[in-house]
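In what follows, a structure is listed as C-alpha cells, so that the remarks can point back to it.
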Amino acid sequence: MKERITPVKAVLIALLVLYLLSMVFPLLYLVSASFMTEADLSAIPAKLFPSSLQFGNYVTAFTRQPLVLYVVNSFITSFLSVFICLIAGCLASYSLVRTRIKGKTLFLLFVLAISLLPTITIINPIYRMYSDAKLLNTRIGLSIISAVLDLPMTIWFLTAAFKSIPVSFEESAEIEGAGLFTILLKVYVPLLKGSIFSIGIIDFISAWNKYLLSQVLNPLEKARTVVVGLTLYQLEISIPFEIVSAASVITIIPLFVIVLLFQKNILGGLLDGGIKE
C-alpha cells in the first residue's frame, strides 16, 4: 500500500524542489551562457540555451589571461593552507579536549570571536606585516594567512569530533606506554579521518574562494589566484559575459570534481564524526 502524501508533506516536498532548483539553475545557466554569443546573452526575452555552441569562448578564456597559471596558483595555495590548517587544528583541538588547560572555554569563545571578524577589517595590518616580512606576492604567504583565518572553524569542528572519542581509547594507549603525540597520531587521527577529511575539503574550498586576500596580498600575475583572474576579463566599456562564464566554468570544475569524488567521505565525516565500528 502506497504511503499517503499529506498536505504538509506535499508543501515540504514542493519547498525542497524549489530550493534545489534555486541552487542548480544558476550553475546550469552559467554553463549554458559559456557557449552563447554576445547576441544570445543580450536577447530579449532572455535565452536559456545558446543558438549555437561557441567553443571559442573557452579558447578565448585561456588566451586572454594566463588562466592555467591562476588555477595552479590557487591549487598550491589552497593545498598548503589546508595542510597548515589541519595540523594546527588537530593539535589545538586535541589539547583543548584531552589536556588540563585552564581557560579552555574562554579560549574557544575567543576563537569564535575572531572567526566573526570580516576580512576587510584586518586586511590593512596584514598587508603591512606581509610587506615588512617580504611575503607579498608569494604562495606560501597567502597560504599562511588563509589557514589562520580558517583555523577557528577548523578548531570548532575538530573539537567536537575529538570529544566524540571515548576516553577509554586514550587510557588503553597510555597503558601501553604511548605518549600524547603517539596517541594523537595512532589513535585519534585514524578514528577521526572522516572528520579531518571533511573539514579539509571545506577549508580547501574556503581558501580557493578567498578573493580579497588574493587581490590585496598577491596582485602580481605570477602569484595571482583564479578568483582574482576572473575579474580581469572586463574590457574598458563592456564585460564579455560569455568569456567570463567560460572562465568561471573552468574555475569551478576542480571544486566540482573534488566534491563529486569525495562526497561520501565528506558526508560521512560531517554526520558521524568519522568513527566507524
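The values are calculated or read from the model by the stated rules, or taken from the named source; none is laboratory data. Just so you know, these numbers come straight off a predicted model, no measurement behind them. No Cβ is skipped: glycine too gets one built from the backbone with ideal geometry, and neighbour counts run over all protein chains shown. Remember, those area values only see protein heavy atoms, side chains included, never the ligands or the DNA or RNA. Shrake-Rupley method; radii C 1.70, N 1.55, O 1.52, S 1.80 Å.
The table below gives the values:
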quantity: Total charge dipole magnitude, the range 49-135, about the Cα centre, Cβ charges on Lys, Arg, Asp, Glu only, Debye to nearest 20; calculated: 400 debye
quantity: Net charge, residue 183 excluded, C-beta distance under 13 Å - Lys, Arg +1, Asp, Glu -1; calculated: -2
quantity: Potential lengthening between residue 44 and residue 129 on full extension [0.36 nm per residue; Cα-Cα distance subtracted]; calculated: 25.5 nm
quantity: Contour minus Cα-Cα distance for residue 239 and residue 116 (0.36 nm per residue); calculated: 40.9 nm
quantity: Alpha-carbon radius of gyration plus Dmax, which is the widest Cα pair, for the range 66-146 in Å; calculated: 15.9, 51
quantity: Cα gyration tensor shape for the chain, rounded if a/c is under 1.5, else prolate or oblate; calculated: oblate
quantity: Rounded, prolate or oblate (a/c below 1.5 giving rounded, otherwise prolate when a/b exceeds b/c) for the range 1-90 by Cα gyration tensor; calculated: oblate
quantity: Residue range of the chain that is longest and free of trypsin sites (Lys or Arg not before Pro) which are both DSSP loop and sparsely packed (at most 14 other C-beta within 10 Å); calculated: 135-275
quantity: Relative contact order, percent, the range 130-273 [alpha-carbon distance under 8 Å, six or more residues apart]; calculated: 34 percent
quantity: Residues of the chain: accessible area per residue with a 1.4 Å probe, Å²; calculated: 60 Å²
quantity: Projected label distance in nm at residue 11 and residue 106, using a 7 Å step from Cα toward the beta-carbon; calculated: 4.9 nm
quantity: Candidate residues 167, 189, 111: accessible-area rank, largest first, probe 1.4 Å; calculated: 167, 189, 111
quantity: Prolate/oblate/rounded call for the range 149-204, Cα gyration tensor, a/c under 1.5 rounded; calculated: prolate
quantity: Backbone HN-Hα couplings from phi across the range 20-32 [Karplus 6.51/-1.76/1.60, Hz, Gly and Pro as x]; calculated: 5, 5, 5, 7, 8, 4, x, 5, 5, 5, 4, 4, 4
quantity: The range 223-232 - phi-based ³J(HN,Hα) in whole Hz, Karplus 6.51/-1.76/1.60, Gly and Pro as x; calculated: 10, 5, 8, 6, 5, 6, x, 5, 7, 8
quantity: Amide hydrogen neighbours beyond the local backbone of residue 178, cut-off 5 Å, H modeled; calculated: none
quantity: Top of 200, 141, 179 by mean-square fluctuation, Gaussian network on the chain, Cα under 10 Å; calculated: 179
quantity: Taking the chain and dividing mean pair separation by its residue count, relative contact order in percent (alpha carbons under 8 Å, at least six apart); calculated: 30 percent
quantity: Average Cα contact separation per residue, the range 195-250, under 8 Å, 6 or more apart, as relative contact order %; calculated: 22 percent
quantity: Alpha-carbon centroids, the range 181-210 and the range 118-148: separation in whole Å; calculated: 24 Å
quantity: Helical mean residue ellipticity (222 nm; -39500 (n - 2.57) per DSSP H run of 4+; nearest 500) of the chain; calculated: -22000 deg cm²/dmol
quantity: Accessible area of the chain belonging to carbon and sulfur atoms, whole % at 1.4 Å probe; calculated: 72 percent
quantity: Summed side-chain charge close to residue 84 - residues other than residue 84 whose Cβ falls under 11 Å, Lys, Arg +1, Asp, Glu -1; calculated: -2
quantity: Per residue, the convex hull volume that the Cα atoms of the range 24-161 enclose (Å³); calculated: 186 Å³
quantity: In sequence order, calculated HN-Hα J values of the range 83-94 (Karplus, 6.51, -1.76, 1.60; Hz; x Gly/Pro); calculated: 4, 5, 5, 5, 5, 5, x, 5, 5, 5, 5, 4
quantity: Those chymotrypsin sites (Phe, Trp or Tyr not before Pro) in the range 29-78 that DSSP places in a loop and that have at most 15 other beta carbons within 10 Å; calculated: 55
quantity: Of 104/210; 104/163; 163/193; 47/210; 104/134; 102/163, pairs whose Cα-Cα distance is over 23 Å; calculated: 104/210; 47/210; 104/134
quantity: Candidates per GluC sites (Glu not before Pro) in the range 134-183, loop by DSSP, up to 12 other Cβ within 10 Å; calculated: 176
